[in-house]
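**Q** Before anything else, here's the structure in question.
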Amino acid sequence: MQLFVNTNYDFMGKRKLWYGISIIVILVCLASIVISGGLNYSIDFSGGLRMEIKPVADSSGNHLSLADIRDALSSGGIHNVAIQEFPKTNSFVIMSTLDRVLEEAVEEVEVEVIAEVETEVEVEVIAEEEAEVVDVVEADSVVAEVAVAPVLPIVRTGTSDMVANDIVAVLRAVYPEQTSNRDFIQMVEEVGPRAGKDLRKQAVNAVLISMGLIAIYIWIRFRFAWGFTAALALFHDVIIALGVLSITGFEVGMTVLAALLTIVGYSINNSIVIYDRIRENLKLYRKDDEKDVINRSINDTLSRTVITSFTTLLACLALLIFGGEVIRGFALTFMVGIIVGTFSSLCIATSLVLDIVIAIKNRKSNKK
């Protein structure tokens, strides 16, 4: 089946337009990430609370659903949570970041510490000499940081216990019958900020290493310049996908990492198909201009690229609509990756290849 037969679209003639669109979109994505103060990391990457619960059925034999748990927590004012359901065991994993509650707790400690320090300084100054009270307001932040630092581990532990108790209290108030069993709370653990930071570092390394290995593969199979352009196109896809997550406010966790790695593989697959056709056509049409050869190659593979991307997009759309909260971040990220990856394979990677080929050709002619 072919949607596009004997097409002759001039993709390479619009290289500057493609570059302009990409630059604008990337700048918007980067601006969103900077303005929002970074990405919205999930508990996997930022640290927080992970709790496993196992409610029982009520007298009618009905079990709680994921929607029931989420609605109950929302009604109790607990919104910053991610919930994962395991139907086979009738259990749930509730994950909550502690940043907001921790900040409030630290602010309370800072206020108390600053008040005590100011009082001590004022008393000492007045006792030593009858002068005006020393202004210690400018030193408040420094004093608070030094004084609060030893208290932070205690605050964090207390905060995680407080969040866990709040979650249990809300669920038992809304569903007393289903949460009355002794083994209702299966497990409570806290993911520390250091562990989250390590996971973020490993995630970045995983994406960069995969892109680097793919670039090396393209270099070996085709040419060095092609591997370089493929790596740039992959970087372009990942940045835009992360930017969309920042704009929409979706959490960046392990599922999003899986989607990013899938995007890298999916996008490079499209590029390899086009590169392969370019290599064949360069041998068949040696006398033709490089621009015409690349345009012909893109048009030759256009039906395959569009049909493959569209069918995969439909599957991701189904996941986004019916997959639930846990898989929604993956589905959105992959959907964006399919659209952007198809665009970069057709327009960006090939345009970069042509510009590099022209630059090398001009350089050789200038030497002569």
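The values are calculated or read from the model by the stated rules, or taken from the named source; none is laboratory data. Quick caveat, the model's predicted, so the values are computed rather than measured. Here the Cβ positions follow ideal geometry from the backbone for every residue, glycine too, while neighbour counts run over all protein chains shown.
**Q** For residue 318, which of the numbered conditions (1) in contact with a Ser or Thr (Cβ under 6 Å, 6 or more places away or on another chain); (2) within 30 Å of residue 65 (Cβ to Cβ); (3) of a type in the set (A, V, I, L, M) fails to hold?
**A** Unmet condition: (1).
**Q** Can you find, within the stretch 170-189, the residue that is farthest from residue 68 (Cα to Cα) among those that are in contact (Cβ under 8 Å) with a residue 60 or more places away in the chain and out of contact with any Asp or Glu (no Cβ under 9 Å at 6 or more places or on another chain)? Let's see the steps before the verdict.
**A** So in the stretch 170-189, the residues in contact (Cβ under 8 Å) with a residue 60 or more places away in the chain come out as 170-171, 173-175, 177-181, 183-189.
Filter once more, keeping what is out of contact with any Asp or Glu (no Cβ under 9 Å at 6 or more places or on another chain): 170-171, 173, 179-181, 183-184.
Working: 170: 12, 171: 10, 173: 13, 179: 13, 180: 16, 181: 18, 183: 19, 184: 16 Å.
Applying the filter and picking the extreme gives 183.
**Q** Just one of 255, 262, 229 is of a type in the set (Val, Ile, Thr) and over 14 Å from the mean Cα position of the chain (by Cα); which is it?
**A** On the way: 255 fails: over 14 Å from the mean Cα position of the chain (by Cα); 262 fails: over 14 Å from the mean Cα position of the chain (by Cα).
The conditions single out 229.
**Q** Can you tell me which residue in the stretch 11-66 is farthest from the chain's Cα centre (by Cα), limited to those that are small (Gly, Ala, Ser) and part of a helix (DSSP H, G or I)? Please lay out each step first, then the result.
**A** First, pick out the residues of the stretch 11-66 that are small (Gly, Ala, Ser): 13, 20, 22, 31-32, 36-38, 42, 46-48, 57, 59-61, 65.
When the remaining residues are screened for being part of a helix (DSSP H, G or I), the result is 13, 20, 22, 31-32, 46.
Working: 13: 34, 20: 25, 22: 19, 31: 15, 32: 13, 46: 12 Å.
The extreme case among them is 13.
**Q** Look at residue 331 and say whether it is over 30 Å from residue 300 (Cβ atoms) and among the aliphatic types (A, V, I, L, M).
**A** Numbers: over 30 Å from residue 300 (Cβ atoms): yes; among the aliphatic types (A, V, I, L, M): yes.
Against the criterion (over 30 Å from residue 300 (Cβ atoms) and among the aliphatic types (A, V, I, L, M)), residue 331 qualifies.
**Q** Can you tell me which of (1) surrounded by fewer than 15 Cβ atoms within 10 Å (Cβ to Cβ); (2) farther than 28 Å from residue 220 by Cα; (3) aromatic (Phe, Trp, Tyr) is the one residue 285 doesn't meet?
**A** With (1) surrounded by fewer than 15 Cβ atoms within 10 Å (Cβ to Cβ); (2) farther than 28 Å from residue 220 by Cα; (3) aromatic (Phe, Trp, Tyr) applied to residue 285, the lone miss is (2).
**Q** Modelled with pLDDT of 85 or more, among the polar types (S, T, N, Q), out of contact with any Asp or Glu (no Cβ under 7 Å at 6 or more places or on another chain) and assigned by TED's automatic domain parsing to the domain that holds residue 345: is that true of residue 74 in this structure?
**A** Numbers: modelled with pLDDT of 85 or more: yes; among the polar types (S, T, N, Q): yes; out of contact with any Asp or Glu (no Cβ under 7 Å at 6 or more places or on another chain): yes; assigned by TED's automatic domain parsing to the domain that holds residue 345: no.
For residue 74, the condition - modelled with pLDDT of 85 or more, among the polar types (S, T, N, Q), out of contact with any Asp or Glu (no Cβ under 7 Å at 6 or more places or on another chain) and assigned by TED's automatic domain parsing to the domain that holds residue 345 - is not met.
**Q** Continuing with this model, one more query. Return yes when residue 76 is surrounded by 14 or more Cβ atoms within 10 Å (Cβ to Cβ) and touching a Pro at 6+ places or on another chain (Cβ under 7 Å) and no when it is not.
**A** On the way: surrounded by 14 or more Cβ atoms within 10 Å (Cβ to Cβ): yes; touching a Pro at 6+ places or on another chain (Cβ under 7 Å): no.
So residue 76 does not fit the description; no.
**Q** Looking at the stretch 168-222, which of the residues that are of a type in the set (Lys, Arg) and not in a loop (DSSP other than H, G, I, E, B) is modelled with the lowest pLDDT?
**A** Filtering the stretch 168-222 for residues that are of a type in the set (Lys, Arg) and not in a loop (DSSP other than H, G, I, E, B), the one modelled with the lowest pLDDT comes out as 194.
**Q** Give the residues of the stretch 301-322 that are of a type in the set (Gly, Ala, Ser) and either surrounded by 15 or more Cβ atoms within 10 Å (Cβ to Cβ) or in contact (Cβ under 8 Å) with a residue 40 or more places away in the chain (or both), sorted by residue number. Before you say what the answer is, go through the steps one by one.
**A** If we filter the stretch 301-322 for residues that are of a type in the set (Gly, Ala, Ser), which is where we start, we get 303, 309, 315, 318.
Residues satisfying the conditions are 303, 309.
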